[in-house]
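The values are calculated or read from the model by the stated rules, or taken from the named source; none is laboratory data. Here the structure is a predicted model, which is why all the values come from computation and not from measurement. Glycine also receives a Cβ, built like all others from the backbone with ideal geometry; neighbour counts cover every protein chain displayed. What goes into the accessible areas is simple: the full protein's heavy atoms, side chains included, and nothing from ligands, DNA or RNA. Shrake-Rupley method; radii C 1.70, N 1.55, O 1.52, S 1.80 Å.
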Amino acid sequence: MKSQEIREKFLAFYESKGHLRHPSSSLVPEDPTLLTTSAGMVQFKPYFLALKKPPSTRLTTSQKCLRAKDIEEVGRTPRHHTFFEMLGNFSFGDYFKEEAITWAWEFLTGNEHLNISPDRLRISVYKDDQEAYDIWRDKIGIPGEKIFRFGESENFWPASAPSKGPNGPCGPCSEIFYDFGSERGCGRPDCDPSCDCNRHIEIWNLVFMQYERHDGGKLTPLPNKNIDTGSGLERVASVLQGALTNFETDLFMPIIKRLEDITGKKYEDNPVPFRVIADHLRGSAFLICDGVFPSNEGRGYLLRKILRRAALNGRSLGLETAFINQAVDAVAATLGVHYPEIQEKLSFVQNIIKKEEEQFSEALTQGRNFLSTHMGNATDKNELADGHIAFTAYDTYGLPLEETESIVFELGYAGVNRDEFNAAMAEQRDRSRKGSKMDGDVFVEDAEAVYRAASDDKDAGVFHGYDRISEDTTIVSLVVDGKSVDSVSKGGKVDVITESTPFYGEMGGQIGDTGEITAPGAHATVTDTFVVEGKIMIHRCEVVDGSFKPGDAVTLSVDTSRRDNIMRHHTATHLLHAALRTVLGEHAAQAGSFVGPDKLRFDFTHNEQVTKEQIQQIEDIVNARVMACEPVQSEVKDIASAKKEGAMALFGEKYGSEVRVVSISDFSKELCGGTHVHNTGFIGPVKIVDERAIGSNMRRIEALAGPRAMEFINSRLGTLSEAAASLRVTEEQLPHAVKNIAAEKDALNKELNKLKQAKALEEAADFMAAAEQINDTTLVVQQLQDVDRNGMLSIYDDIKVKAKSYAVILGAEHQGKVMFLTAFSDELVEKGLDAGKLIKDVAQVAGGGGGGKKHMAQAGAKDASKIPDALEKGRTIVMQALQA
């Protein structure tokens, strides 16, 4: 049975049992305590905690998940993955153990469903869960010898919760295992599902969430008992397709076949690298689809880590150049039917991955140079290389420990001091934990919970600001330092939740509104507005006069001038997006934005610099639409209809079943919840003020609209006028006058360089006269004064013409830069002298590093005061070599 059929059968089966089919959430969870969506139930955490009302008391999903906890095991075991799909059915205070168990068994064994032989299935229950045991034995008819009782580490969720925590909802679980038979296991006659051999694999986990854990391990019954089921699609597919491992299923083999075509190697000859690459490619592709980009922190660091791990495994298959990006199409072909985002963003994902591969290749080279410079050659073949330096190579350049060890072996070391490396790694992890709000526990309470609790009962915080900037309403809750309070007085800082509001909270790139809240005898300034759960508007305030309490009738007033300027910039962003796609191509998609009262910032996908001519063309298109005074219309639609009409969904944004579509004639149509002008003519002039690269295939435009654009233009005109006055020419004559000045400057620089060259040659002659003669070799060791790199090369060129056998060591400081040069004649190189090795020893004294060829090498350094010491060290090394 194909994986697509398994997935659909599962969802359809639970729909027949009254479940609402719910879409997979993003790999980037709403929950701020989690790095990634790591389980099928993550998006339903507010329902389990009774913080929100679910759309149905019964839900079913196929959820894309990503975990990196066991990343080192991926590819080496049959079933470990970073990216995987979790089939799930959920009950929120509806059915419980008997229905969950009965339906799981029906789906797994039913002829019209998966039709797995009951003889192959084994059951585990929590040791104290007699209720579940009785249902399996008496209701389902499982023989007692096929039901196993295990402790809290195996059959409780979260694992070991009663003794170790965390506090919160928890409960026993019952797992269903597939038994491959004795020929696939350890061979012990008493082998059971608790054995870690590959005979039994868990294909289903029923979590009976019936308790709340408190301090000390006390368990109290929950008022509403819940069901959380998880079934790994990859594992079920391996059973139904008769695959030895998950990697031999139709979820992986098309990707592996594509990798075989790219590498020219066979999977069966060396399966581990293929498995790692295929797994990590799936995870990387979907992280990028969900708006994550490679970086050095958070989710971006996780993405970078798995991409680079895949690239390293490619090197074991003989691939030194970018290749992972070429296999993204196989991921799209395999999973694109159920997750269309991978097909829609295929070329973008390929570009991001390719750029990261290229950067990693450069980082590997830099890492090798770093190690060579800072490790040096071993003096003892039993010596271990410095583990702290090895860690820096790993942390800064992404050089894995295995790569580092192969390099230090070449330098003569016995290996890397792993104790030092591990200690440095532990320190970094500790720093990361202390600096991160993400602890990976799905039931750790997050900071937004208090806002949800304060607003959900009354459906508070609703936004009414599309057609108004002032509103009379009532305070629902006051929150100070994350806790609800009964009142707040003059001078107090407080977050205010009202029944409704005209204030827009920061969201989708648009900055939050400011303004004021007033009541008889009370006044507060709204300094910011932010949003919780995508819909609850929270006013961050400072009380200026009087006091406020829940239940007070208040008037909310948005800063009108500021809102107008925000709307100008937001609508201009939509025009800019459409103009970019017109000029640069359809690939130029939004990848982030900032919309404020003073400017707009727009990030987009593009792999080369935008020319001045293109920028002008883009600006002209935008301003033509402004001057056309076209109406800006908005309409709420279901997301399927909106996309069918061509409305653009912005990259990395999350949308519900209903969306707001903002249209500007037939030129722009986007899904957007922000505030906009009603007519493009209200925007005023738009001026692009900056365009630059900000990352891999990513660029940024900054622009000004309306009054801000006029201020910028008038400022530049004033600067132009001042410059013309300083040069005593008219503004029209200014370009010609500047060209003349530039030409004169170039001529003077050329003349100055000629003089410096001549001076350098004179100094070279003096150096030759003062040079030391060692046997038949001329040794020149000199610190140069006011000589740049070209002057240093000229002196070297003159020496090598005048001396048959020479050794040259030069050092200089020029305009704050420290430079060194080393060189040897041919006969000295033939005797084993190496300018590239010498330059490292010399530059290191002055805090630098570099390299080059055996005949000539150059390096930079930091400490000019150490130039004499560096030259003396070089002189000593060369003298010893020449006199040997």
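Extension gain for Ser406-Asn790 works out to 134.5 nm (0.36 nm per residue, less the C-alpha to C-alpha distance). Applying 0.36 nm per residue to the separation of Gln326 and Asn749 and subtracting their alpha-carbon distance, the gain on full extension is 147.4 nm.
State whether the stretch 638-792 is rounded, prolate or oblate according to the following rule on the C-alpha gyration tensor (a ≥ b ≥ c being the square roots of its eigenvalues): a/c under 1.5 gives rounded; otherwise a/b larger than b/c gives prolate, and the remaining case gives oblate. It is oblate, given that a/c is not under 1.5 and a/b is not larger than b/c.
Spin-label model, His678 to Ala519: label points 7 Å out along the Cα-to-beta-carbon direction sit 3.2 nm apart. Basic side chains Lys and Arg get +1 at the Cβ, acidic Asp and Glu get -1 at the Cβ, and with that the dipole of the stretch 1-111 about its Cα centre reaches some 120 debye.
Checking every one of the chymotrypsin sites (Phe, Trp or Tyr not before Pro) in the stretch 7-64 against DSSP loop status and a limit of 13 other Cβ atoms within 10 Å picks out no site at all. Using a probe of 1.4 Å on the protein chains alone, the accessible area found for Trp157 is around 60 Å². Legend: calculated FRET efficiency, Ala742 to Thr220, from the Cβ-Cβ distance at R0 = 60 Å, rounded to 0.05, equals 0.15. If the reach is capped at under 19 angstrom between alpha carbons, list the aspartates and glutamates near Lys599, excluding any in the same chain fewer than eight residues apart. Within the straight-line cut-off, Lys599 pairs with Glu506, Asp513, Asp528, Asp559, Asp564, Glu619, Asp620, Asp690, Glu691, Glu702, Glu711. Averaging the sequence gap over all C-alpha pairs within less than 8 Å and six or more residues apart, then dividing by the number of residues, gives the stretch 769-847 a relative contact order of 25 percent. Packing-based ranking of 145-156, 740-751 yields 145-156, 740-751, ordered from highest to lowest mean Cβ neighbour count within 10 Å.
Of all accessible surface on the chain at a 1.4 Å probe, what whole percent is carbon and sulfur?
48
Per residue, the convex hull spanned by the alpha carbons of the stretch 94-213 comes to 109 Å³. With a 1.4 Å probe rolled over the protein heavy atoms of all chains, the accessible area of Leu59, Leu346 falls in the order Leu346, Leu59, largest first.
Once the Cβ-Cβ distance of Glu72 and Ala12 is raised to the sixth power relative to R0 = 41 Å, the FRET efficiency obtained is 0.65. The local environment of Glu645, defined by Cβ-Cβ distances under 9 Å, has a net charge of +4 under the rule Lys, Arg +1 and Asp, Glu -1.
Projecting the Cα atoms of Leu259, Leu303, Ala243 onto the dipole axis of the stretch 229-306, where Lys and Arg carry +1 and Asp and Glu carry -1 at the beta carbon, places Leu303 farthest toward the positive end.
Charging the Cβ of each Asp and Glu at -1 and of each Lys and Arg at +1, and nothing else, the dipole of the chain about its Cα centre rounds to 780 debye. Probing with 1.4 Å while keeping every protein chain in the model, the per residue accessible area of the chain equals 46 Å².
Solvent-accessible surface (1.4 Å probe) assigned to Ser295 amounts to roughly 40 Å². Look at the Cα gyration tensor of the chain: its axes a ≥ b ≥ c give a/c of at least 1.5 with a/b at or below b/c, and that counts as oblate. Note on Val462 and Glu145: with the Förster distance fixed at 51 Å, the Cβ-Cβ geometry gives a FRET efficiency of about 0.30. Taking 18 Å as the cut-off, the amide N atoms of the stretch 215-249 that come nearer than this to a point 7 Å along the Cα-to-beta-carbon line of Ser163 belong to 215-219.
Could you give the size of the charge dipole of the stretch 583-725 about its Cα centre, using +1 on the Cβ of each K and R and -1 on the Cβ of each D and E, expressed in debye and rounded to the nearest 20?
200
For the pair the stretch 351-394 / the stretch 1-78, the C-alpha centres are spaced 39 Å from each other. I'd like to know which of Ser38, Leu478, Gly791 lies farthest towards the positive end of the charge dipole of the chain, counting +1 on Cβ of Lys and Arg and -1 on Cβ of Asp and Glu. Final value for the positive-end residue is Gly791. Note on the stretch 720-763: dipole from Cβ charges, positive end direction compared against Gln757, Ala724, Pro735; the farthest Cα belongs to Gln757. Over the residues of the chain, the helix contribution to mean residue ellipticity at 222 nm works out to -12000 deg cm²/dmol, using -39500 (n - 2.57) for each DSSP H run of at least 4. Near Leu346: Cβ cut-off under 13 Å, other residues only, Lys/Arg at +1 and Asp/Glu at -1. The net charge is -2.
For the stretch 261-370, what class follows from the C-alpha gyration tensor (a ≥ b ≥ c being the square roots of its eigenvalues): rounded when a/c is under 1.5, otherwise prolate if a/b is larger than b/c, else oblate? Judged from the Cα gyration tensor, the stretch 261-370 comes out oblate (a/c at least 1.5, b/c at or above a/b).
Output the antiparallel fraction of DSSP beta bridges having both residues in the chain, as a percent to the nearest 5.
That works out to approximately 85 percent antiparallel.
Given a cut-off of under 8 Å on Cα pairs at least six residues apart, what relative contact order in percent is computed for the chain?
6
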